[in-house]
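Have a look at the structure below, then the notes.
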Amino acid sequence: MPEVRVDPLSGLRAIVAGDRAARPGARLRTIAQEVVDPEQDPFLEGHEDRTPPEVDAFRADGSAPDTPGWYVRVVPNLYPALDPESAEPSPDARPDLFAARAARGAHEVIVNAPAPVSSLAELEVEQVALAMEMWRRRMRHHAQAGAAHVHLIVNERREGGASLPHTHAQLYALDFVPMQVARERERYASYATRTMGGDLLQDLLQEEVKRRARVVAIDAEAVLLAPWASRLPYQLMLVPRRPRARFEDDGATGAALLHDGLRRLCAVLGGHPALNLWVRTAPRDAERFCWRIDIIPRLTHLAGLEMGTGLYVNIIAPERAAAELRER
């Protein structure tokens, strides 16, 4: 029977309706992924002149900026959504109805590897770990520079929002805390007050490990699970075993388990799915928080219910998703 479940971290509700997976046309599958064309790939090693000048990189000894010889490379986004010099818009006569402000901040592209592949799952685990170290380094840089919140994402395939197929991350350094992040911050604080100091995500993790039904895999650094109130099929969450408010601080990144989880998704779904991945880290001045990584394969379309109400219908129960992924 369908259930309405509440996400303990965000408070968002989702309808878990596994029987809908049996309806006509509801089969979940991936289609052939776009092949990276080396000639058209601006992120390919040797094409450094096709991007803005790099701002950071992991390089072989002696390798000069904007030349071959890099392992992970960071450049400003050529078409930024944020600009540190963005001008304030002219005030409107009715600011209570038509509010606007300058979109200030930084928008960077982190090229995860020189190899022309479209998914993190296609890389060796050591390369994923190196890419994630750069994610951490750039997030730390912008947090120390005063960003209110730093949001790092990976979009894979056009259906997931990637305009270029070569694997890359994007970083947004914001001068405000987005509403969803602020809501989670408040739920962490409220939970700590109710439980006399409890950590919301770590308490949730302990209970999930005890129950086992939604746990996919565990290693020395992290736990991979299908969240209780998963909004979309095969949604995953990676949680550190040792709590830490900010991903950008020293400690484990969970790279090996993230790589493992992405490969399990490929095995179950028959190919590399379009997906969205993001690192949730504590906003500035948050007293209670724990970082995590959310992974959402894009296997279904958002329709009128989801777009109109924000209420998602998930046709694959997280318990079923976890069981299938555990077997891979």
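List of remarks:
- Largest first, the extents of the alpha carbon coordinates of segment 31-148 on the three principal axes equal 54, 38, 27 Å.
- For segment 193-296, the alpha carbon positions stretch 45, 29, 26 Å along the principal axes, listed from largest to smallest.
- Positive-end extreme of charge dipole, the chain - chosen from Ala113, Phe247, Phe289 (charges on Cβ): Phe289
- Charge tally in the Cβ shell below 10 Å around Glu48, where Lys, Arg are +1 and Asp, Glu are -1, Glu48 excluded: -2
- For segment 34-127, chymotrypsin sites (Phe, Trp or Tyr not before Pro) meeting the loop criterion (DSSP other than H, G, I, E, B) and having at most 12 other Cβ atoms within 10 Å: Phe98.
- Segment 40-101: radius of gyration over Cα atoms, expressed as a fraction of 2.2 N^0.38 Å: 1.76
- For Ala192, neighbours were defined as the other residues whose beta-carbon sits under 9 Å from its Cβ, and their charges (Lys and Arg +1, Asp and Glu -1) total 0.
- GNM on the chain, alpha-carbon springs under 10 angstrom: the most fluctuating residue among Glu48, Glu39, Glu124 is Glu39.
- Here the Karplus curve 6.51 cos²θ - 1.76 cosθ + 1.60, taken at θ = phi - 60°, turns the phi angles of segment 198-207 into couplings of x, 9, 4, 6, 5, 5, 4, 4, 4, 5 Hz, with x standing for Gly and Pro.
- Its Cα centre serving as origin, segment 187-328 has a Cβ charge dipole (Lys and Arg +1, Asp and Glu -1) of approximately 220 debye.
- Ranking Glu156, Glu287 from most to least accessible surface, computed with a 1.4 Å probe over the protein chains only, gives Glu287, Glu156.
- Computed from point charges on the beta carbon alone (+1 for Lys and Arg, -1 for Asp and Glu), the dipole magnitude for segment 39-147 about its Cα centre is near 500 Debye.
- According to the Cα-based calculation, Rg over Rh for segment 76-223 is 1.04, with Rh computed by the Kirkwood formula.
- Each Cα pair under 8 Å and six or more residues apart adds its sequence gap; the mean of these over the residue count of the chain is a relative contact order of 21 percent.
- Net +/- balance of residues flanking Ala274 in space, Cβ distance below 9 Å, scoring K and R +1, D and E -1: +1
- For the chain, the antiparallel share of DSSP beta bridges with both residues in that region comes to about 95%.
- For segment 108-181, trypsin sites (Lys or Arg not before Pro) are listed when DSSP marks them as loop and at most 13 other Cβ atoms sit within 10 Å of their Cβ; the list is empty.
- Measuring nothing but how far apart in sequence close Cα pairs (under 8 Å, 6+ apart) lie, relative to its length, segment 200-278 scores a relative contact order of 22 percent.
- Choice from Leu204, Leu305, Leu265 showing the highest fluctuation, given a GNM over the chain with Cα pairs closer than 10 Å: Leu305
- Segment 1-82: trypsin sites (Lys or Arg not before Pro) falling in loop per DSSP and having at most 16 other Cβ within 10 Å: Arg27, Arg29
- Globularity index of the chain, i.e. its alpha-carbon radius of gyration over 2.2 N^0.38 Å: 1.02
The values are calculated or read from the model by the stated rules, or taken from the named source; none is laboratory data. On a predicted model such as this, the values are computed, not experimentally measured, just so you know. Virtual Cβ from ideal backbone geometry, glycine too; neighbours counted across all protein chains shown. The area values use the complete protein model at the heavy-atom level, side chains included, leaving out ligands, DNA and RNA. Shrake-Rupley method; radii C 1.70, N 1.55, O 1.52, S 1.80 Å.
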